[in-house]
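Let me begin by presenting the structure, written as C-alpha cells, before commenting on it.
The values are calculated or read from the model by the stated rules, or taken from the named source; none is laboratory data. Bear in mind the structure is a predicted one, so any value in this text is a computation, not a measurement. Here Cβ is always computed from backbone atoms with ideal geometry, including for glycine, and neighbour counts include all displayed protein chains. What goes into the accessible areas is simple: the full protein's heavy atoms, side chains included, and nothing from ligands, DNA or RNA. Shrake-Rupley method; radii C 1.70, N 1.55, O 1.52, S 1.80 Å.
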Amino acid sequence: MAFDETAAREFLADPRVGIFAVAAESGPPAATPVWYLYEPGGSVRIVTSASTRKAKLLAHAGAATLVVEESAQNATFVAVDLELVDVREAESADDRELASRYLEGEAIDRFVEMASEHMPDENVYTFRPTKWRFASMSV
C-alpha cells in the first residue's frame, strides 16, 4: 500500500503531538508542540490561550503549518498547511474533547480543571487543510 494523501490523513487522525508553526513578520516563527483534533476529511482544531505568541501571530498571519512525525521504526511524517477559518471562545467541553484524545480516566478531569483555572482566555482555532506533504519509509 502506498503512503498517499488518504494514508496521510489517517496518520494525522491518530493521537500524536504535532509541531504547530506560525510565521512572524520579524524574528523566528512560533513553533510549539500542540495537541490537536482532526478526523480525516475534516478541519484541524487546536485549543490555546489567546495570550500565547502563536495565537497573537496567528491573528495576523491567518495561516499555520502542522507537522506530525513518527520516527521509531516507521520514519513517517505529515506536514499540512492550514488556513484559519474560525476562532471562538473555548468551553470546558472543548478541553475535555482534546484531553480525551491524549489522556485516560482521571487525568482527563485533572486537565480540564487545570485548563479552567490557568487558561481562562482559551480559544478554539479551526483550520482548513490547504496543502499536504508526507512520506513514509514503512510502506
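Post the alpha-carbon centroid distance, the stretch 1-79 to the stretch 94-139, in whole angstrom.
Result: 11 Å between the Cα centres.
Please quote Rg/Rh for the stretch 3-62 to two decimal places, taking the Kirkwood radius as Rh and restricting both calculations to Cα atoms.
A ratio of 1.03.
What is the sum of charges around A30, taking Lys and Arg as +1, Asp and Glu as -1, for the other residues whose C-beta is under 13 Å from the C-beta of A30?
Value of the local net charge: +2.
Averaging over all projection directions, find the projected area of the Cα convex hull of the chain and quote it in nm² with one decimal place.
Averaged projected hull area, Cα only: 8.9 nm².
So what is the relative contact order of the chain, in percent, for Cα pairs below 8 Å that sit 6 or more residues apart?
30 percent
Taking the Cβ of S136 as the center, what net charge do the other residues with Cβ under 15 Å away carry, scoring Lys and Arg +1 and Asp and Glu -1?
-3
Below 8 Å between Cα atoms, with a sequence gap of 6+, how large is the relative contact order for the stretch 1-75 in percent?
Once divided by the residue count of the stretch 1-75, the mean separation gives 33 percent.
Rolling a 1.4 Å sphere over the protein heavy atoms, what is the accessible area per residue of the stretch 14-115, to the nearest Å²?
Accessible area per residue, the stretch 14-115: 54 Å².
How large is the charge dipole for the chain, taken about the Cα centre, if only the Cβ atoms of Lys, Arg (+1) and Asp, Glu (-1) carry charge, to the nearest 20 debye?
The dipole magnitude comes to about 540 debye.
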